[in-house]
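The values are calculated or read from the model by the stated rules, or taken from the named source; none is laboratory data. Not measured: the values here are computed from a predicted model. Heads up, the Cβs are rebuilt from the backbone with ideal geometry, glycines too, and the neighbour counts pull from every protein chain shown.
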Amino acid sequence: MKDNIISLKMGLLDNGSHSLKRGFEVWKQWHSTEDAWLLKESIIWVHHGVELLLKQLLVQNNEFLVFQDVNKAVERLGRLRKKEGMEHAEVLDLFEHDDTVTSIGFKSLLDRVAITLSIEELNDGEQLRESLEKLTRFRNKIVHYSIEINTLETASLISSILDPFLSLLSREVKDTRFNKFVIKEIRKVAQPLQEYLKYIRKEIVTSAIESTVEAFKVGRHVGIVRQIAGSGLTLTLVDYLHEVSKPSVMSNRKIFIVSDRVDSLQALFCHLHGNSQVHFHKSGEGSLNSPLIKSKTIILVTEQKLSSERYVFHDSCLVIGYNISSSRNGIIESFPDSTRILFTSIVNQKDQEVYGNIIKSYSLEEAIKDNVLKPIKLYHFNPEIVDYVINDDEAKLVYDAYQRSIKLAEKIVEHYKSTSNGKAVIVVESLQSADETLANIIKIEPDWNAIYKEKVAILSHSDRNRNNQLVNRFIDKEDPLSVVVCTGQYLLGFDSQLVATAYVTCPISQQLRERLASLVSRNHSEEHYGKIVDFIGLNWSI
C-alpha cells in the first residue's frame, strides 16, 4: 500500500465541464456501437454536468443562490464564522462544514436561473427547458428504479440539448478558458468532424459580420479572416455572403469579390450559382461598366481584369479579397470608397495595411489539434557534395551546384520510394533548376518518364495548356503522375488534397512555408501525417 495520499480537488466549473464532456463522449460511442447501456450512462453524466454548470451561473453572480434555503445559508455562515479558525470562512465552505444546509434541487434550480439571471431559454415552455425536464425524468428513473427507454428517442433528446445549452454557457459563463477551450472540446467529442467545422465557421462568420457592421458605422476597414486551407475557407466565405447580403447590413451597397486566381473564383461561384444576384466576370466578357454588371449585387472578378481595364468604382461598396497574393494597390485604386475585408489562408504583413487587423483566425496548429488536418513530420537532409580540387572559383561554384543537384535527386528518389504513398511536390529556385532536377531524377528512374504515363513532371506558367493538362493529371488520384517540380511562386496559388510530401531544395519565404505546411497536412492519402523534407535548414516554427 502506498504511503502517499492521492486526492482530487475539482472546482464547480471543472467538475461540471468534465461530466458534460464525458456524457457526450459516451453518447457518441452509442452511435457506433448501439449499446443501450451507454445511453444510460450518458443520461447520468449529461444531467450531472448540466446541473453543476447551471449552479456555476448562480455562484458567479451570488454564491448564496446555490443553496435551497438562501436565508438559512446566510444564518449558518454567520454561525460558522464564529467558530475558532473559521473567521474567514467563505460561502461555499458551508458544504464542507455544515450538514444542515443543502444545495438547490434541479426543478428549483431551473426556475432560479431563469428568473434571477433572466435567461429566456430556461423559462417555462421553452424548448431547452422542456428538454432538460425530460432528461431529468429519465435520470430520476434510472437512479431510483427500473426504466424502459426508447433508445432513438433518448439519443435524439441528448443531441437536442448540445447546441442550445453550449450557446447559453458561452454567453453566460464568465471564464475565458472555459469559453475559449472547454466548449470547443465538448463540441469535438460530441459531433462528427464536419459538424464541428460548421461550428467553427459559424463562430468566424459571426465575428466577421459584427466587424463589418461596425466598419460601416465608423468608416473603417473590416479586417482579415485567416483560416488554414483544408478547414473550409470557401464555405466560410459563402456563409458570410449569405449574412452580409441582407439589406439590414449592406444598405444597397455592391459587393466585389476579388482574387488573382480564376480557379479560386470559379470554385466560389459554384457554391453561389443559385443566386441570381451573383455574376462571375470572366475574361473576354467585355467591360465591367456594362449594364449586366450594374444590375448585379455581387460581382466576382480577378485582380488582373481590374488592372487591365483600369476599372474604378466610385460608390461606397464592400470589397472582399479572397486568397489574393498579388498587388494590394490595385484594390485601393479600383475601389477608392470601399470597405474591405480579406478571407485568406496566409496573411502577409502588407495585408493588414489594406484590410485591417485579424478578426478571427483558425490556425494550422488548431486544425491539427482538432484532427481537421494531419500532423506534420519534418525531415532535415544535407546532401553531401564530393569536393574535388578546382582552381577556378567560378567553375567550382558551377561544379558544386551540379553535384548538389545530382545528390538532391538521389535523396529525393530514395526518400520518396521508401516512405511515400501519396503525391509529392519538389520546390526549386528557378525553372532552370527544375529542368536539372527533372533530368537527374529521370537518369535515376528512366521508367518515370514513360510517354503519357510519366511519374514526374514540371509545373510552370510558361505553357498554360500543357500545364493545365499536367495539373489535372496530378490532382487525379488514379493518374500515375505523382511528383511535380515547381518554383515556390507557382505553389502560392496551387492546391490539392493529394500532396503528402514536400521537398524543399532552396530558401523560401515564411508565407510559402505556411502554404506547404497546410498543403501536406490536408493530404487524403493513406499517410497518417504530412511530410516536409528540408534540404536547406529552414525555421518551421509556424
Over region 128-161, the set of residues more than 11 Å from residue 43 (Cβ to Cβ) and at pLDDT 90 or above is 128, 129, 130, 131, 132, 133
Can you tell which of 185, 214 is under 21 Å from residue 14 (Cβ atoms) and surrounded by fewer than 18 Cβ atoms within 10 Å (Cβ to Cβ)?
-> 185
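Quick grid of which residues meet (1) assigned to a helix (DSSP H, G or I); (2) touching a Pro at 6+ places or on another chain (Cβ under 7 Å); (3) of a type in the set (Val, Ile, Thr):
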site	(1), (2), (3)
130	yes, no, no
148	no, no, no
153	yes, no, no
158	yes, no, yes
174	no, no, no
187	yes, no, no
Which of the following residues is within 19 Å of residue 165 (Cβ to Cβ), crowded, with 18+ Cβ neighbours inside 10 Å and among the acidic types (Asp, Glu): 51, 126, 120?
-> 51
Hey, residue 204 hits all of (1) closer than 21 Å to residue 37 by Cβ; (2) assigned to a helix (DSSP H, G or I) but one; which does it fall short on?
-> (1)
Please specify each residue of region 132-146 satisfying the condition of being aromatic (Phe, Trp, Tyr) and not in a helix (DSSP H, G or I).
-> 145
Condition check for residue 173: surrounded by fewer than 16 Cβ atoms within 10 Å (Cβ to Cβ), aliphatic (A, V, I, L, M), closer than 27 Å to residue 120 by Cβ and in contact (Cβ under 8 Å) with a residue 40 or more places away in the chain = no
Pairs only if they're at least six apart or on different chains, beta carbon under 6 angstrom, first in region 274-294 and within 23 Å of residue 263 (Cβ to Cβ) and surrounded by fewer than 16 Cβ atoms within 10 Å (Cβ to Cβ), second at pLDDT 85 or above and not small (Gly, Ala, Ser); list them, first residue then second.
-> 277/296; 277/297; 277/298
Considering only residues that are within 30 Å of residue 128 (Cβ to Cβ) and in contact with a helix residue (DSSP H, G or I) (Cβ under 7 Å, 6 or more places away or on another chain), look in region 69-93 and name the one that is modelled with the highest pLDDT.
-> 70
Residue 429 fails exactly one of (1) at pLDDT 85 or above; (2) among the acidic types (Asp, Glu); (3) more than 18 Å from residue 512 (Cβ to Cβ), namely (3)
May I ask you to list the residues in region 282-306 that are closer than 23 Å to residue 251 by Cα and in contact with a Leu (Cβ under 8 Å, 6 or more places away or on another chain)?
-> 288, 298, 299, 300, 301
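Does any residue of region 440-447 turn out to be within 30 Å of the chain's Cα centre (by Cα), among the basic types (Lys, Arg), more than 23 Å from residue 265 (Cβ to Cβ) and at pLDDT 85 or above?
The answer is no; no qualifying residue exists.
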Within region 96-106, the count of residues that are within 25 Å of residue 38 (Cα to Cα) and either exposed (fewer than 14 other Cβ atoms within 10 Å of the Cβ) or among the small types (Gly, Ala, Ser) (or both) comes to 0
Matching residues, region 8-30, being touching a residue at least 40 places away in the same chain (Cβ under 8 Å) and hydrophobic (A, V, I, L, M, F, W, C) | 12, 13, 20, 24, 27, 30
Go through region 31-45 and give me each residue that's closer than 17 Å to residue 148 by Cα, under 31 Å from the mean Cα position of the chain (by Cα) and not in a loop (DSSP other than H, G, I, E, B).
-> 38, 39, 42, 43
Which listed residue, of 320, 332, is farther than 26 Å from residue 242 by Cβ and either touching a His at 6+ places or on another chain (Cβ under 9 Å) or β-branched (Val, Ile, Thr) (or both) | 332
Here are 232, 219: which of them is buried (at least 20 other Cβ atoms within 10 Å of the Cβ) and of a type outside the set (Asp, Glu)?
-> 232
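One line per residue, one yes/no per condition, for (1) touching a Ser or Thr at 6+ places or on another chain (Cβ under 9 Å); (2) of a type in the set (A, V, I, L, M); (3) at pLDDT 90 or above:
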{"residue": "352", "(1), (2), (3)": "no, no, no"}
{"residue": "363", "(1), (2), (3)": "no, no, yes"}
{"residue": "368", "(1), (2), (3)": "yes, yes, no"}
{"residue": "373", "(1), (2), (3)": "yes, yes, no"}
Residue count, region 249-275 (criterion: modelled with pLDDT under 85 and of a type in the set (Ser, Thr, Tyr)) = 2
Hits in region 401-432 - residues which are without any contact (Cβ under 8 Å) to a residue 24 or more places away in the chain and either under 23 Å from residue 529 (Cα atoms) or touching a His at 6+ places or on another chain (Cβ under 8 Å) (or both) | 414, 417, 418
Within region 397-423, how many residues are modelled with pLDDT under 85 and in a helix (DSSP H, G or I)?
-> 9
How about region 328-350: which of its residues are at pLDDT below 85 and either surrounded by 14 or more Cβ atoms within 10 Å (Cβ to Cβ) or over 17 Å from residue 308 (Cα atoms) (or both)?
-> 328, 330, 348, 349, 350
Among (1) surrounded by 14 or more Cβ atoms within 10 Å (Cβ to Cβ); (2) out of contact with any Leu (no Cβ under 9 Å at 6 or more places or on another chain), residue 32 falls short only on (1)
Using the structure shown, decide if residue 318 is in contact with a Ser or Thr (Cβ under 7 Å, 6 or more places away or on another chain) and at pLDDT 90 or above.
-> yes
Hey, among the residues in region 188-211 that are acidic (Asp, Glu) and modelled with pLDDT of 90 or more, which one's surrounded by the most Cβ atoms within 10 Å (Cβ to Cβ)?
-> 203
